Amino acid sequence: MCLDENYWSGRYQSHDTPWDVAQITTPLKEYFDQLEDKSLKIMIPGAGYGHEVAYLYANGFTNVFMADISKAPLEDFEKRNPDFPSHQLLHVDFFQHEDKYDLIIEQTFFCALDPSLRQRYADQCHKLLKPGGKVVGLLFHGEFSTNPPYGGTMEEYLEHFQAFDKQVFEPCYNSIPARAGRELFFSIVKSGYLTTHND
């Protein structure tokens, strides 16, 4: 299956987006609510309809960037959030993007990628973060599909994120009911140098 821009645009245009819950989910809301530094430069890749982006921006995090390979959700977000800075809506391939961020938020992007791209995802996050920057978010826990979203195990994920220091990597206690028992919350920090992977 070719999970390219045309594939994802087709999903959005046909409203085939079962991962979307129409609002920010509890784990990320509670994480955002305890952040004090509103100057953080934040990027949310594969942001879809951008509920997390809208929540952050409405709560004073003005340096937040929304990225997606498809224009469709970005255009939809812009219509719903006309005051959001258009230059912070990024129509990009995450793997080709170049910039530096304090924080990358993971919410249903990693699980949408073909599993063969997972190490590239980890390496790209490392590349995009400033020293001391973090990747924070949710990963599905358990194998349950041969089509996106794809699951996985904590042991597999830890293998991919060896270039990071791990602060938190544990079962999520405050998932929304539909995802209860199926999510891991993680927070990992960039330090040192990126390990080269050949797989």
Please give the strands (runs of 3 or more DSSP E) falling wholly within region 31-140 in which 2 or more residues are out of contact with any Asp or Glu (no Cβ under 8 Å at 6 or more places or on another chain) and without any contact (Cβ under 8 Å) to a residue 40 or more places away in the chain. 64-68
All positions within region 100-151 that are closer than 17 Å to Glu52 by Cβ and charged (D, E, K, R): Asp102, Glu106, Lys134
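Just so you know, all these numbers are worked out from the coordinates, no wet-lab data involved. A quick note: this is a predicted structure, and the numbers were derived from the prediction, not measured. Every residue, glycine among them, receives a Cβ derived from its backbone with ideal geometry; neighbour counts consider all protein chains shown.
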